[in-house]
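Mind having a look at this structure? Questions to follow.
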Amino acid sequence: MGATVIRGSQFYFLTVNFCIGTTLFVLIPSLVQAGGRDSWLIPLWGGACGMFFALLWIWLYRLYPGLSLAQISLAALGRPLGTVVATLYYLHFSVIAGFVLRNLSDFLTGTILPKTPGPVFHIMFLAVASYAAAQGVETIARLNQLLTPLLAFPFWFVILLATVNWDWSRFVPAFQPETLAGVFRFHTILGFPFLEPVALLMIFPFVDGKTGRMLMAGIATAAASISLTVFAIIGSLGVERTTKMTFPIYSLVQEVAVNDVIINIQSVISIILLTLIFIKLQVLYYAAFETLRQTFRPVMRWPLLLGVSMVLAGIAPSIIENGIQNSEWRKNFTFAHDAIFGLGFPALLLAVTLIRLAAGKRPGAGRGVQAGAGARSATGKGAQSGSGMGPRTGG
Amino acid sequence: MRAWTLAKHVSGGRIGRRATARLVPAPADVPPSAWRRAAVCLALALTAVLLASCWDKTELNELAIVTMIGLDEDPDTGRKTIFYQVVNPLTAVTIKGAAGGNQAPVYTYQASGRSLGEIRSSLYRILPRKLFVSYYRAVVVSERMARHDLRDMVNMIEFQPEGRASVPVLVAREPMEKVMYTLTPMEMYPGESVTLRLSLLKDESLLVGKRIAVRDLAERMERSESVVLPMLETVGESPSPEFSRLTGTVDSRHSNMQITGGAVIRDYRMTGTLNDHQLIAYNLLKGNRGWFVRQFRLDGKPITLTGKLGRIERRLGAAPRILLHIDLALYFAVEHIPKTEQELKRLEQEVAAQLEDELKELCRQGQKLGLTLPNIRNPEDVRVKVIAHLKHIGSINQPF
């Protein structure tokens, strides 16, 4: 039947869009402030580190094939402690989703819809997200697959149109020691977006093959895309103006003028960003919902969906008071906050697992675990696909 | 081993449950599907109430469409004035004989105060429609404001989310009232008329540079480079809303504006003006590629030549050097046309030498005028060399 299995390519696009998500319009001013003319290097080294972090998650998943993050924490730490960790993950996903929602409404009220109250956007997005989350991961993956070409082509097309204002002199002098120091001092990029894909561990068990490779490729593609966008923004807007703008990518497209006929096409970019953000929200919503569901196993799903939506609708307007607080938070705490959940807990789970493996029957225990896990996944998947996890348990 | 049994139990329970949920579409405890569908439809219909257009809807006939913005500041009192030139909705869609056919095509609204934001919001004392700045075509600032400080102008334009920063800035040579209350023939809207002329002047006479928009101004100022903005003045004895098209006069001098000279802006302040020859020289040094027409002198006799920048080589560093290759054309050489190869060589050398002198002269005055060249600290250090080549001949090979 294969109802809940998504293809590797679908997972790849999900990873790409998840990583790009809010990054393109929230992070760019502070990124350019930190790295100046060379700031397009920041996403590249950030992405390289992100791939390194992803190795940790993949390693963890290989020890528990067929299990999602919430199930892994229950399996590794036992019921009481595992519940605590899973609940913390739920809160983490909710907080990021709250930020995502808030960034979205801030963007829209700051640009094209100044009079619309923020909660309207939150509630509308949450309504759709909860519906898709209830339909399951396959729906989300297919939706994303359907939307990706509709996002990518117009996006790069308008960026290409904007290059009429290109000026190479905006990049010189390049690679000065002081700007390079700024490039590598900007640690926010590690947390946001490259530690956030830990939420994708909730989707791992549903991916049909090459999960790790697709995750790595997705992060690399996202890093390259962000870098290219930053490069285009510096080349077309210049460092001086980019650092002073709230939404440089919006202003960039706003200034596109093709023969005085095609002007004011900024709504194109608004819609693209809106959809990208929705995908990020969708994944986070799903992760938060599934974490709770798999941890507490309620009989009915709808109260949980309603609860998750209500919590998010509450977090979004109250998580920050204004954009200045947001950028302060990003500058000072994003990396630390994301590192706890992206590196700290996975490392803890990994350490506990390895210690348990070492304490148990030494060589046999490892294989026993994996075989056991394989059996688990087989029983789990047996009803659905029958083939899903079995072959990969050994590797 | 115990842990793994637990894990097995947990996960087995979980996945099993999910599988069941998948396989059975409607669990027993939910209402029948008809009810459910009705509930979903109702919920969807209710969420439609929340769609965004309830707050931010705008109707075309509620908008005051701005075509040109004017800014003035009294340096002594700090009092600022904004002028919004708004399209007259009745003339915007008019056909001959229809209502509004003999009304002014634009209305200029003017308001003053201490802060640009306050002025903008108090504008509704006199303006009955919502200000809509997405399609404005030009910004005009008064000369006294330009000589004082242009930061306010840049900030105001960059602040408004709906207004683009890619519109040209002009400096008014005369009091703002005079400029903003003058109508132009041919093109109905002065803002449109001015913008069209700027692009013609850029391509056909090289009297206007390429980078003259608000965004270019902001960027160049932040980099401590200069920008040369076109200057605007009115034509006619008594510029008034009574305008040649309406009063039926053929004379375009009756009420019009003209673009003359260039204002050098540096550090958000106007530091000097350039005349036509200096403007051509400056735009050539900047690497702008538009045709220019100049009368040169060859053996004491005048000769009018058309020229265009072909290739430009810049060498930066301690001893900056600029080498310009000028392509010449004989399109307007009515006085004299060279006959032989030898004459042509002399013509090319002479023209190159005269242009070179002018460029060097501009570089010498650069410091005084406040001019800079891209990535060159001091224009006086630049060694300029010009090479001219005849590339095009005209429709006749000898004048009558």
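None of the figures in this text is laboratory data; all of them are computed from the coordinates on show. No experiment lies behind these values; they were computed from the predicted model shown. Ideal geometry is used to build each Cβ from the backbone, glycine not excepted, and the neighbour counts take in all protein chains shown.
Of all residues being at the interface with another protein chain (Cβ under 10 Å from one of its Cβ atoms) and among the aliphatic types (A, V, I, L, M) in the range A:254-265, which is surrounded by the most Cβ atoms within 10 Å (Cβ to Cβ)? Just the residue, please.
Looking at the filtered set, the residue picked out is A:Val256.
Looking at A:Ser270, A:Ser251, A:Ser227 in this structure, which one is within 14 Å of chain B (Cβ to nearest Cβ), surrounded by fewer than 23 Cβ atoms within 10 Å (Cβ to Cβ) and outside any loop (DSSP other than H, G, I, E, B)?
Just one listed residue meets the conditions, A:Ser270.
Now for a separate question. Does any residue of the range B:328-343 turn out to be more than 30 Å from B:Met153 (Cα to Cα), among the small types (Gly, Ala, Ser), out of contact with any Asp or Glu (no Cβ under 7 Å at 6 or more places or on another chain) and part of a strand (DSSP E or B)?
yes
When only residues in the range A:284-305 that are aliphatic (A, V, I, L, M) and in contact with a helix residue (DSSP H, G or I) (Cβ under 8 Å, 6 or more places away or on another chain) count, which is farthest from A:Gly82 (Cα to Cα)?
Going through the qualifying residues, I end up with A:Leu305.
So which residues in the range A:189-218 are buried (at least 24 other Cβ atoms within 10 Å of the Cβ) and within 12 Å of A:Thr23 (Cβ to Cβ), if there are any at all?
A:Ile189, A:Pro193, A:Phe194, A:Glu196
A follow-up question, please. Filter the range A:172-188 down to residues that are surrounded by fewer than 17 Cβ atoms within 10 Å (Cβ to Cβ) and hydrophobic (A, V, I, L, M, F, W, C) and give me whichever is farthest from A:Cys19 (Cα to Cα).
Ranking the candidates gives A:Val172 first.
How many residues are more than 10 Å from chain B (Cβ to nearest Cβ) and buried (at least 24 other Cβ atoms within 10 Å of the Cβ) when one looks only at the range A:290-301?
Summing the residues that are more than 10 Å from chain B (Cβ to nearest Cβ) and buried (at least 24 other Cβ atoms within 10 Å of the Cβ) in the range A:290-301 gives 1.
Next question, about the same structure. Applying the selection to the range A:320-353, what residues are closer than 24 Å to A:Pro119 by Cα and either of a type in the set (Gly, Ala, Ser) or in contact with a strand residue (DSSP E or B) (Cβ under 9 Å, 6 or more places away or on another chain) (or both)?
A:Gly323, A:Ser327
Among residues belonging to the range A:74-96 that are of a type outside the set (A, V, I, L, M) and more than 9 Å from chain B (Cβ to nearest Cβ), point out the one that is surrounded by the most Cβ atoms within 10 Å (Cβ to Cβ).
Across the range A:74-96, the extreme among qualifying residues is A:Phe93.
For A:Ile340, only one of the following conditions fails: (1) part of a helix (DSSP H, G or I); (2) touching a helix residue (DSSP H, G or I) at 6+ places or on another chain (Cβ under 7 Å); (3) not small (Gly, Ala, Ser). What is its number?
(2)
What is the residue count in the range A:230-243 for residues that are in contact (Cβ under 8 Å) with a residue 60 or more places away in the chain, in a helix (DSSP H, G or I), more than 26 Å from the chain's Cα centre (by Cα) and within 12 Å of another protein chain (Cβ to nearest Cβ)?
Residues flagged as in contact (Cβ under 8 Å) with a residue 60 or more places away in the chain, in a helix (DSSP H, G or I), more than 26 Å from the chain's Cα centre (by Cα) and within 12 Å of another protein chain (Cβ to nearest Cβ) within the range A:230-243 amount to 3.
Does B:Ala353 satisfy the criteria of being of a type in the set (Gly, Ala, Ser), under 15 Å from B:Leu284 (Cβ atoms) and outside any helix (DSSP H, G or I)?
It is false that B:Ala353 is of a type in the set (Gly, Ala, Ser), under 15 Å from B:Leu284 (Cβ atoms) and outside any helix (DSSP H, G or I).
Next up: Given the structure, is A:Tyr61 under 21 Å from the mean Cα position of the chain (by Cα), in a helix (DSSP H, G or I) and facing another protein chain (nearest Cβ under 10 Å)?
Spelling it out, it is not the case that A:Tyr61 is under 21 Å from the mean Cα position of the chain (by Cα), in a helix (DSSP H, G or I) and facing another protein chain (nearest Cβ under 10 Å).
Determine whether the range A:330-350 contains at least one residue that is within 14 Å of another protein chain (Cβ to nearest Cβ), touching a residue at least 40 places away in the same chain (Cβ under 8 Å) and farther than 23 Å from A:Leu69 by Cβ.
There is no residue in the range A:330-350 that is within 14 Å of another protein chain (Cβ to nearest Cβ), touching a residue at least 40 places away in the same chain (Cβ under 8 Å) and farther than 23 Å from A:Leu69 by Cβ.
Within the range B:290-307, work out how many residues are in contact with a strand residue (DSSP E or B) (Cβ under 7 Å, 6 or more places away or on another chain) and surrounded by fewer than 17 Cβ atoms within 10 Å (Cβ to Cβ).
Residues meeting the conditions: 5.
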